[in-house]
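Engineer: Pasting a structure here, questions to come.
The values are calculated or read from the model by the stated rules, or taken from the named source; none is laboratory data. This structure is a prediction, so every number in the text was calculated from the model and none was measured. Cβ sites come from the backbone with ideal geometry, for glycine too, and all protein chains shown count toward neighbours. When the accessible area is computed, the model is the full protein with side chains, heavy atoms only, and any ligands, DNA or RNA have been set aside. Shrake-Rupley method; radii C 1.70, N 1.55, O 1.52, S 1.80 Å.
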Amino acid sequence: MCPVKAFTLNGSCPCPLKMRHFQLNLLLICMATTTAILVVPWKVKCPLQCVCQIRPWYTPRSVYREAATVDCNDLFISTVPERLPEGTQILLLQSNNIVKVEQSELDYLKNLTELDLSQNSFSDIWDFGLKNMPQLLSLHLEENQLAELPDNSFSSLANLQELYLNHNQIRRISPQAFLGLGNLLRLHLNSNFLRTIDSRWFQVLPSLEILMIGGNKVDAILDMNFRALSNLRSLVLAGMNLREISDYALVGLKNLESLSFYDNNLISVPKRALQQVPGLKFLDLNKNPLQRIKQSDFTNMLHLKELGLNNMEELVSIDKFALINLPELTKLDMTNNPKLSYIHPSAFHHLPQMETLMLNNNALSALHKQTLESLPSLQEISIHSNPLHCDCVIRWVNSTENHIRFIEPQSTLCAEPPDLKRKHIRDVPFREMTDRCLPLISEKSFPSHLDVVDGEDISLHCRALAEPEPEIYWVTPSGLKLLPFSEDGKYKVDSEGTMEIRKVTVQEAGLYTCMAQNLIGADTRSISLIVNSSFPFSEDMLELIIEEVQTYNILVSWKPHLNTISSNLTWSSFNPNLDLTNVARIPTGTHMYNITRLHHDTEYWACLHIAFANLQTKVACVNARTKEAQFQYLESRQGALMALFLCILVMSISLIGNYGLNSFKFQSRSQGICMPWKTASSSVHVVYPTFIKQWDQGRKGETLLAMEVQATSLDS
């Protein structure tokens, strides 16, 4: 028998992360060993229908032996077979209909080291006649109907090292139930009906190394619950509906190496509790409703080697500096997260040993080059089955500097742009990927609506990757613009772009819009927040106001309206031969616009078009006439000043250029004459004196006779 069984995912695997790889490797070793050492018949009088053989066997401490085995599994018998061979070491009675074992049925088996009574019909612990069996090392009682473990349930089994009680109906365990099991190494209590974990159970188990207690609907893990288990190496707390872990829940587990929180309801990483486990190597947080991995969630875990963040339905973002100073981390699993669309370029810091990064089957449009550069030892990466945009952010893939191996490269395909859809990303030439691109807010990470009840604290997440890096801000239903690091009443926006609304009420219901913009352009997404089935709509009249009229521009404004989806401003002159109609898309959160490049003394009209979340639209229009230009006064004054300035400038340059010469010689056309600025003309003529470079003394001077500067007319 191999030392590790194939357990279910609800909390029975002892090494929950390494777990699958470890068990697979061990299974292969076991198969190879079993093949090399053939099972041989045990030449004894064997009970009817049973099989007696010498089989390979591993002790609870993984020591290989060959054991005399009697296999009576799956015979549907209701009692223990009579006259078992006295030399029996392993007795297998799995999957039968046995309801009780008398003491006399087994006490003559002085060499019995493993007894498997799993998948039978026991309902009371006293139905086992297991007294005076000090040689027994492994006892399998899983998948029976046990409901209670009273004090001293196993006190006669002083040398027992493995006890399997999983998948029963245990509701109550007395404080001294495990008294006498001072040598127990492995205890399986998973998948029962326990509601609490009593620290007194473990005070009599000083040698325990593996504890599986997942699959019980325990409300909370109390402080110091496991303090007595100083030798524990693996703890499985999977499938328990845990919402949070207290800061001191794991105190005392100084030798813990493997920890699983698989399939719970954790909404944040229990980072303070994890700091109490300094030797942790394998951590499984798979299948929890975490929305973000925040800054410093995993920090200074000096011996962590593998981390699992898979199958998280709500995970949207890996924030800046989420993983810091994990010097021994070699593998990070973040796969099958349908909303994970953003990994900050600086998400990882000081992960010098990271070799494998698994990111397949997420909602990632790209992975920034900076992320890869922060992992100096990275050897392989998996990004297939993501909606990849083959543009500027991910162009590092086909760079000549990239030597990282892609896992399943044949499945690593472009989703955008349309002309590259379904094309292998490694087949896209580097030059076809631009070095700059628009921001993109993922649809999968940004729902169109959210229904909540009043009093809840909610978080709305907005992330975008682009080059250059985009700026993100939020706009509330009332038009309030919220920038990162800002806080206004119930609203708070953090540096990553998450907006928090504390204790939401119906007053906060409405349309919230996120905008991500850079120098190339912008992307917007809106979410309808419905509180207590309420969603307000604007009843106010739309009014476009003229704030200021100048010669060449008109400034207009308008009052913010609830739940605006989009705003467009159109304008033109009343003279169709003078202007075309102009259209401007107004950025969300903007309530003022300066219309420029207009003609002076011209009548203009402007109209504001607003679309609302209820599919209604409103239009407001105004008209105004630009001011008349004052050309004569303005041009004569500016022209005189400009002419004077140019005169002084060219004379200064001339003196500097001739500094040190014995005499100044001017040509007849270069007597320092400054031509006046003609107010009726659209051009200026400037005449410069001879200019001789100081470092060219003794050589023939370079002469610039004149320069013509065209001055554009203000009304053209």
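Engineer: Inside segment 351-392, can you point out the residues that are among the charged types (D, E, K, R) and surrounded by fewer than 22 Cβ atoms within 10 Å (Cβ to Cβ)?
Structural biologist: Matches in segment 351-392: 355, 369, 373, 380.
Engineer: Next question, about the same structure. Taking into account only those residues within segment 51-72 that are touching a residue at least 40 places away in the same chain (Cβ under 8 Å) and of a type outside the set (Gly, Ala, Ser), which is surrounded by the most Cβ atoms within 10 Å (Cβ to Cβ)?
Structural biologist: 55
Engineer: Which of the residues spanning segment 482-525 are open to solvent by 30 Å² or more (accessible area, probe 1.4 Å), assigned to a loop (DSSP other than H, G, I, E, B) and closer than 15 Å to residue 588 by Cβ?
Structural biologist: Within segment 482-525, just 483 meets the criteria.
Engineer: Within segment 543-561, identify whether any single residue is at pLDDT below 90 and in a strand (DSSP E or B), and answer yes or no.
Structural biologist: no
Engineer: Shifting gears a bit: Any residue that is small (Gly, Ala, Ser), part of a loop (DSSP other than H, G, I, E, B), open to solvent by 10 Å² or more (accessible area, probe 1.4 Å) and under 25 Å from residue 222 (Cα atoms) - is there at least one of those in segment 127-150?
Structural biologist: Checked against the condition, which is being small (Gly, Ala, Ser), part of a loop (DSSP other than H, G, I, E, B), open to solvent by 10 Å² or more (accessible area, probe 1.4 Å) and under 25 Å from residue 222 (Cα atoms), segment 127-150 yields at least one hit.
Engineer: Can you spot a residue in segment 327-345 that is aromatic (Phe, Trp, Tyr) and either touching a Leu at 6+ places or on another chain (Cβ under 6 Å) or part of a loop (DSSP other than H, G, I, E, B) (or both)?
Structural biologist: So far as segment 327-345 goes, no, none of its residues is aromatic (Phe, Trp, Tyr) and either touching a Leu at 6+ places or on another chain (Cβ under 6 Å) or part of a loop (DSSP other than H, G, I, E, B) (or both).
Engineer: What are the residue pairs meeting all of these: first residue in segment 607-625, first residue polar (S, T, N, Q), second residue in a loop (DSSP other than H, G, I, E, B) and open to solvent by 50 Å² or more (accessible area, probe 1.4 Å), Cβ atoms under 7 Å, and 6 or more apart or on different chains?
Structural biologist: Here the result reads 614/537, each pair linking segment 607-625 to a residue that is in a loop (DSSP other than H, G, I, E, B) and open to solvent by 50 Å² or more (accessible area, probe 1.4 Å).
Engineer: Pull up segment 377-390, narrow it to residues that are modelled with pLDDT under 95 and either under 10 Å from residue 354 (Cβ atoms) or of a type in the set (A, V, I, L, M, F, W, C) (or both), then point me to the one that is nearest to the chain's Cα centre (by Cα).
Structural biologist: Among those that are modelled with pLDDT under 95 and either under 10 Å from residue 354 (Cβ atoms) or of a type in the set (A, V, I, L, M, F, W, C) (or both), it is 388.
Engineer: Could you check, for segment 268-284, whether at least one of its residues is in contact with a helix residue (DSSP H, G or I) (Cβ under 8 Å, 6 or more places away or on another chain) and open to solvent by 10 Å² or more (accessible area, probe 1.4 Å)?
Structural biologist: Residues of segment 268-284 that are in contact with a helix residue (DSSP H, G or I) (Cβ under 8 Å, 6 or more places away or on another chain), as a first pass: 280, 282-284.
After this cut, where a residue has to be open to solvent by 10 Å² or more (accessible area, probe 1.4 Å) as well, the list is 282.
Yes, some residue in segment 268-284 is in contact with a helix residue (DSSP H, G or I) (Cβ under 8 Å, 6 or more places away or on another chain) and open to solvent by 10 Å² or more (accessible area, probe 1.4 Å).
Engineer: Related question: Can you name the condition, by its number, that residue 397 falls short on among (1) aliphatic (A, V, I, L, M); (2) modelled with pLDDT under 90; (3) assigned to a strand (DSSP E or B)?
Structural biologist: For residue 397, the failing item is (3).
Engineer: Which of the residues that make up segment 471-481 are open to solvent by less than 20 Å² (accessible area, probe 1.4 Å) and not in a strand (DSSP E or B)? If you could, list the steps in order and put the result at the bottom.
Structural biologist: The first filter runs over segment 471-481 and keeps only residues open to solvent by less than 20 Å² (accessible area, probe 1.4 Å), leaving 473-477, 479.
The answer is 476, 477, 479.
Engineer: Moving on to the next point. Can you give me the number of residues within segment 88-111 that are in a loop (DSSP other than H, G, I, E, B), modelled with pLDDT of 95 or more and closer than 17 Å to residue 54 by Cβ?
Structural biologist: Count: 2.
Engineer: Would you check which residues across segment 323-335 are open to solvent by less than 10 Å² (accessible area, probe 1.4 Å) and either farther than 22 Å from residue 242 by Cα or among the basic types (Lys, Arg) (or both) and list them?
Structural biologist: Selection gives 323, 326, 329, 332.
Engineer: Could you please find all residues in segment 311-329 being in contact (Cβ under 8 Å) with a residue 40 or more places away in the chain and not charged (D, E, K, R)?
Structural biologist: Scanning segment 311-329 gives 316, 317.
Engineer: Still on this structure, I have one more. Condition first: at negative phi, surrounded by fewer than 24 Cβ atoms within 10 Å (Cβ to Cβ) and in a loop (DSSP other than H, G, I, E, B). Now tell me which residues in segment 293-303 satisfy that.
Structural biologist: As a first pass, look at segment 293-303 and keep what is at negative phi: 293-295, 297-299, 301-303.
Restricting the remaining residues to those that are surrounded by fewer than 24 Cβ atoms within 10 Å (Cβ to Cβ) gives 294-295, 297, 299, 302-303.
Result: 294, 295, 297, 302, 303.
Engineer: To continue, here is another question. May I ask you to list pairs of residues, at least six apart or on different chains, whose Cβ atoms are under 8 Å apart, with the first in segment 203-214 being within 10 Å of residue 184 (Cα to Cα) and touching a residue at least 24 places away in the same chain (Cβ under 8 Å) and the second being open to solvent by less than 40 Å² (accessible area, probe 1.4 Å) and assigned to a helix (DSSP H, G or I)?
Structural biologist: 208/202
Engineer: What residue, among those in segment 446-492 that are among the small types (Gly, Ala, Ser) and free of Cβ contacts under 8 Å to residues at least 24 places away in the same chain, is farthest from residue 365 (Cα to Cα)?
Structural biologist: Checked segment 446-492; the qualifying residue farthest from residue 365 (Cα to Cα) is 489.
Engineer: Pairs, please: C-beta under 6 Å, at least 6 apart or cross-chain, first residue open to solvent by less than 100 Å² (accessible area, probe 1.4 Å) and in segment 398-410, second modelled with pLDDT of 95 or more and not in a loop (DSSP other than H, G, I, E, B)?
Structural biologist: 404/381; 407/380; 407/382
Engineer: In addition: Based on this model, can you work out whether residue 166 counts as touching a residue at least 60 places away in the same chain (Cβ under 8 Å), within 38 Å of the chain's Cα centre (by Cα) and closer than 21 Å to residue 242 by Cβ?
Structural biologist: yes
Engineer: Identify the residue in segment 425-437 that is out of contact with any strand residue (DSSP E or B) (no Cβ under 6 Å at 6 or more places or on another chain) and either over 27 Å from residue 519 (Cβ atoms) or not acidic (Asp, Glu) (or both) and, among all such residues, is most open to solvent (accessible area, probe 1.4 Å).
Structural biologist: 431
Engineer: With the condition kept exactly as written, say whether any residue in segment 153-162 is under 28 Å from residue 270 (Cβ atoms) and either open to solvent by 10 Å² or more (accessible area, probe 1.4 Å) or at pLDDT below 95 (or both).
Structural biologist: So far as segment 153-162 goes, no, none of its residues is under 28 Å from residue 270 (Cβ atoms) and either open to solvent by 10 Å² or more (accessible area, probe 1.4 Å) or at pLDDT below 95 (or both).
Engineer: With the checklist (1) assigned to a loop (DSSP other than H, G, I, E, B); (2) over 26 Å from residue 192 (Cβ atoms); (3) of a type in the set (D, E, K, R) in hand, flag the one item residue 263 doesn't pass.
Structural biologist: If we test residue 263 against (1) assigned to a loop (DSSP other than H, G, I, E, B); (2) over 26 Å from residue 192 (Cβ atoms); (3) of a type in the set (D, E, K, R), just (2) comes out false.
Engineer: Taking residue 280, is it part of a strand (DSSP E or B) and either within 16 Å of the chain's Cα centre (by Cα) or in contact (Cβ under 8 Å) with a residue 12 or more places away in the chain (or both)?
Structural biologist: For residue 280, the condition - part of a strand (DSSP E or B) and either within 16 Å of the chain's Cα centre (by Cα) or in contact (Cβ under 8 Å) with a residue 12 or more places away in the chain (or both) - is not met.
Engineer: Output yes when any residue across segment 307-322 is over 16 Å from the mean Cα position of the chain (by Cα) and either among the aliphatic types (A, V, I, L, M) or buried (at least 18 other Cβ atoms within 10 Å of the Cβ) (or both), and no when none is.
Structural biologist: Initial filter on segment 307-322 (over 16 Å from the mean Cα position of the chain (by Cα)): none.
No, segment 307-322 has no match at all.
Engineer: Another one. What do you reckon, is residue 635 at pLDDT below 90, of a type in the set (D, E, K, R) and farther than 17 Å from residue 569 by Cα?
Structural biologist: Judged against the criteria, residue 635 is a match.
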